[in-house]
Structures are given as C-alpha cells and as structure tokens.
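Before any comments, here is the structure.
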There are 2 protein chains.
Amino acid sequence: MESEVGGRRARTRARLLDCALDLFERQGYEQTTVAQIAEAAGVTEMTFFRHFAAKDRVVVEDPYDPLIADAVAAQPRTLTPLVRAVAGLRTAWAQLPEPQSQTVRRRVRIAAVTPSLRAAIAANNATTEQILVDQLVADGTDPRSARVAAAATLAGITAALLDWSQRDDIALTDAVAAALDTLDGRR
Amino acid sequence: MESEVGGRRARTRARLLDCALDLFERQGYEQTTVAQIAEAAGVTEMTFFRHFAAKDRVVVEDPYDPLIADAVAAQPRTLTPLVRAVAGLRTAWAQLPEPQSQTVRRRVRIAAVTPSLRAAIAANNATTEQILVDQLVADGTDPRSARVAAAATLAGITAALLDWSQRDDIALTDAVAAALDTLDGRR
DNA sequence: GACGAAATGTTAGCCGCTAACATTTTCTTG
DNA sequence: CAAGAAAATGTTAGCGGCTAACATTTCGTC
C-alpha cells in the first residue's frame, strides 16, 4: 500500500530535518548538538546519522548536476572560457525546476551565517565544478583555464545565493541572473 | 642570549610543522592523527593545539591580506567589478614577496588532494574576500556585484594554485598570472 | 641561586562520527 | 492470519579532534 506520502523512513527524515533547522535557527548551527536534534525528533543519535551522513548534510545538499553539462555543451566554442561557462549556467538555470520555496531559503540562510558551512558548500560544489571543467575541456578549452573559469563561476553564484538568502527584496532567479551578469562582464 | 634562530617555542612549532607535513605526505592527511604528529615531534597532543588552533592550520595558513586592499584601491573605477578586482590582485601579487620556496608547495600539494582541506582553504579566503569587497564597495561598486566578483576572483586564483602544486612545469607566478588572464577575459 | 614567566605535561571530558550487534517494526507471502 | 524476510531503529563501545583546569618543568634574569 502507498497511502502515506512517504514511508516511515521518509517521515523520520523529514522530522529530523525540520527539528534540525529549527534548532539551527534558534540557537545557531555550532551550538546545536546532534544529540539535541535526535531528541527533538524523538529518535536516537545513531538514527540521525543513518539519514544524514554528517551534521552539515542537513543544510548542504547535493546539487543538480546533470543539466549543467548539456547546457554548457550547447554554447558556441568561440567564446572565452569564463564567458562560455557563464553562458552555460545561464541556460542550465533557466531549465531548472523552480526550487521548492521555503526550505531552500532556510538552509541557505543558516549557511550564510555559519563559516564552517560555507566551507561545506564549497566542498560540495566540487562535483559540479568537475562537470563544468570536463565539458569545457571537451570543447577544446585549455584544462587550466577551464578549472579557473569553473571555480570562479560557481563561487560567484554561491556568493549570490548567500547574499540573496539574507534579503527579502529580490527573487532567487534575479539574484542568480545578476551574478552571472557580473561574471560575464555585462555589468 | 639569542644564539638560536628562535626560542624554544619557535623550534617546537617548526618541529611540529615538519613532522606533520611529513606524515601527511606519507600516509595522507585524514589518516594522520594529531597524536601521531605530537609523538613524532616528541611532544604532547595538547602542545600541538597550543601551536596550531586546529589540525588543518598546519596546511592552511592565514593570507597576506593587507597589500590587497591598497592595490585594488589603485584601480580606475571605470572598469567592471570583476575586471577591477582582477586588476587589483594582479598589482598586489606583483608586490608580494617571493613565497618561501618549498614549504608552500608542500602545503598546497597536500591541500590539493584532500577535499576537506579545500574547504578549509575556502573558509580561510573569507577574510581576504571581505577586504576585496570593502574596497570595491568603497569605490562605488554595487555591494552584490562586489561580493560576486571578489568570490569569483579568489576562487579562480585558488583553483590555479591547487593546479600549480600538482605540476612541475610551471612557475607559481605564471600560474597565477594565467588565472588572472582567464578571469579577465584576456584569454 | 632564587624567582617569575613561559612552555609543556596531565587529566578529564564534550562532540562528531563509526562499527558491531540486538531489537523492533513493517512488508510480504503462503 | 501466521510466519519469516526485510527495513528501520536501538544499544554499546570506541576513535579522533578539540577544550578546560590545573600541575609541572624549563628558561631568562636579577
């Protein structure tokens, strides 16, 4: 039967996620203990780690990589590496599903004020970066330039995301678009 | 008397640093225990932490920030944020003292193959990034664009550094110069 | 040589995280 | 529906990074 929205596992995970974000918002990420999260969710510490590989995984999730490769591949190869990377991400972003509302903002907002989490985000970007690099190289870009361009682009977008989360006066889409423009040289 | 090159403290620190890098190179960063480092240096675990605030501080050190601000300030404000940031760093880099040979390369090389250390580097860049942002904003750049430009530039340079450490066919100066060119759009 | 300060040692403990094994809950199937 | 397989959670024990509080040694100086 599938009457529930998710099995027991899914429900436990959702509870852990929610309790964790609550605690992070109220008393800070570093000050919150995994034991506290587990208790709030009515579960054992061990169970927490069965749902999240590490404490920071509550906030930092894996990215949606696949789309990016195609988008970058579609860019004309006459452009400069950075410009091409940016153009690819612009296209990729346009194709992405609208991010699910509230939770994204909560997460990013927490990450924005927690240095150690910013590091976690950077580490997480590594896989996306690799995809970008591969795609650029496949199109004939020098590997070193490709690395630099990919790293710079992702860092720029990440910075825009962190900034966006702290303000209420701008849509996520616009924030990213503006960041890409900055990287582009369009402004 | 001052016959020694440094007091006891300085010597202990040097020993710890050397033993740590040795162990990291031989058996990997993650696989090396602070206890092992301490023992190799003939010292207690506690003493290690009295010299390095954290294990990763052996590899990731604080940057030379001060120069950057001035260099960026000297750039004409007609340029695009990213271009100006890059131009500033180009100038700053030219003024930096030649990095002390071997140890830099050892450190960066270790960082290059250790994901968790890449994160530490990113976190460490935060302060330099802030300086860059402040300088750009002071010159009239929109704060958001400044953040993006600063983050992108530093990420690009960092990527170049990591890449440089893994090859023997290029000078550090050239690697950085090339990265700046990529960010610039000069290539 | 005595004395104060700097450097190091000792002990105890928190927190993130993992492994090995036991227990319960849920699903399936005869 | 009973029974066994599979999934989810619990229990215990322990490692490694890191911190705090207090004791001890070493060093420079008078």
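The values are calculated or read from the model by the stated rules, or taken from the named source; none is laboratory data. Keep in mind that this is a model prediction, so the values were computed, not measured. Quick reminder, even Gly has a Cβ in these numbers, built from the backbone with ideal geometry, and neighbours come from all protein chains shown. Keep in mind that these areas ignore ligands, DNA and RNA; they rest on the heavy atoms of the full protein, side chains included. Shrake-Rupley method; radii C 1.70, N 1.55, O 1.52, S 1.80 Å.
For the stretch B:66-122, just say rounded, prolate or oblate: build the C-alpha gyration tensor, square-root its eigenvalues into a ≥ b ≥ c, call rounded for a/c under 1.5, and beyond that prolate if a/b exceeds b/c, oblate if not.
Because a/c hits 1.5 or more and a/b fails to exceed b/c, the stretch B:66-122 counts as oblate.
Got the B:Arg26 label distances to the other copies yet, label 7 Å along Cα→Cβ, in nm, shortest first?
5.0
Which length gain, in nm to one decimal place, applies between A:Gln95 and A:Gln27 when the Cα-Cα distance is subtracted from 0.36 nm times their residue separation?
In short, 20.8 nm is gained.
For the protein assembly as shown, evaluate the Debye formula with one uniform point scatterer on each Cα (no solvent term) and list log10 I(q)/I(0) at q = 0.07, 0.14 Å⁻¹, rounded to two decimals.
-0.35, -1.28
Might you work out the accessible area of B:Leu172 for me, using a 1.4 Å probe with all protein chains in place, and round it to the nearest 10 Å²?
Roughly 30 Å² of B:Leu172 is accessible to a 1.4 Å probe.
In debye, nearest 20: dipole of the stretch A:66-184 around its Cα centre with unit charges on the Cβ of K, R (+) and D, E (-)?
Approximately 320 debye in magnitude.
How far, in degrees from 0 to 90, does helix A:81-95 lean away from the longest principal axis of the Cα atoms of chain A, to the nearest 10?
Rounded to the nearest ten degrees, it is 50.
Any idea what diffusion coefficient the stretch B:8-58 gets from Stokes-Einstein, in µm²/s, Kirkwood Rh on alpha carbon pairs, 37 °C, 0.692 mPa s?
313
Bin all alpha-carbon pair distances of chain B at 5 Å intervals from 0 and give each bin's fraction as a whole percent.
All Cα pairs considered, the percentages come to 1, 8, 15, 17, 17, 13, 11, 9, 6, 3, 1, 0.
Expressed in nm to one decimal, what extension gain is obtained for the pair A:Ala10 and A:Phe49 from 0.36 nm per residue of sequence separation less their Cα-Cα distance?
Contour length minus the Cα-Cα distance gives 12.6 nm.
Between B:Asp18 and A:Ser116, what FRET efficiency follows from the Cβ-Cβ distance if R0 is 22 Å, with the result rounded to 0.05?
0.20
Calculate for the protein assembly as shown the 222 nm mean residue ellipticity that helices alone would give, adding -39,500 (n - 2.57) per DSSP H run of length 4 or more and normalising by residue count, nearest 500 deg cm²/dmol.
After summing the helix terms and dividing by residue count, I get -22500 deg cm²/dmol.
7 Å along Cα→Cβ for the label point: how many nanometres lie between B:Gly6 and each equivalent label in the other copies, listed shortest first?
5.1
Quick check: the angle from helix A:115-138's long axis to the longest principal axis of chain A, C-alpha only, nearest 10 degrees?
Its long axis makes an angle of about 40 degrees.
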